[in-house]
Amino acid sequence: MTIFVDYAPKSSHKEEEVEALYMDLEKFYGEDHVFYKVIIGDFNAKIGPRRTPEELHIGTHGLQWNDQGERLSEFIMTTKTIHWNSQFRKLSSLRWSKSFCLTDVAVVPKFYTGSDHRLLRERFFFTRKAEKTAMFRERNPRTIINWDLFGTLAGFWEDSAMDNIDKEYDRLVEHLHDCAKKAENFKTIKRRLSLEILELIRQRGAARAAGNQELTFELAKLCREAIKEDLKERRAEFKKSKASLELNHTGVSEKN
């Protein structure tokens, strides 16, 4: 298990300093190949509750958002980690900034550290079996049924002239199974980040490896802007879809 302890610059610092910290942290995190990795510290960030179904890295118990929280959320998406504090319901005074190995997180009350920081307490549950399962598990693509196509194919059923109702039933079942098989599709799982953003991240890594700081910061800025725009589009799409479902539900209720 590797624990990364981070103390981010305050909001009064330059944006380049904040970006440099996240780039270094992303680099060290990616280079470490330990199965269990934990990032703790003071990010001066506030992350609110999940806003769209795609934001699985964020829980449902956040309080509010700020600019540093948006930047931290982008880092979490890039590294495919999970924000702990928003995963657990806590009093606001005991909140702190879950993965499957974390069972609880809170701060220790009434413990003086000599500063405005709080003592963090976490509970983990590790199993060797879970680690092996995750490392060697084969991920099969999920399949879904195109019900419109299924209905069309099922409509081609024709009754036969046979007198045996059991055989006729078996033939119907076989026909429906064939229709379902032909109507199967592999479910397309939407990426957390688009291919364009992943390409920008790749270019940023190459520029950083080459020691080109100016190009690295420029690409990092483009990455942030692209991620923000992508999240904005996803939230707008989710709101539109939700509004459409509510409208359809209202229409059905009125007809009934």
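Brief remarks follow.
- Cα gyration tensor shape of the range 143-186, rounded if a/c is under 1.5, else prolate or oblate by comparing a/b with b/c: prolate
- When you filter the GluC sites (Glu not before Pro) in the range 149-183 for DSSP loop state and at most 10 other Cβ atoms inside 10 Å of their Cβ, you are left with Glu158.
- Taking the fewest neighbouring Cβ atoms within 10 Å as the starting point, the ordered list for Trp147, Trp65 is Trp147, Trp65.
- Stretch gain in nm, segment Asn164-Leu215, where the contour uses 0.36 nm per residue and the Cα spacing is subtracted: 10.7 nm
Laboratory data are not the source of any read-out in this text; all were calculated from the coordinates shown. Keep in mind that what you see is a predicted model, and the values were worked out from it rather than measured. All Cβ positions, even for glycine, are placed from backbone atoms using ideal geometry, and neighbour counts span all protein chains on display.
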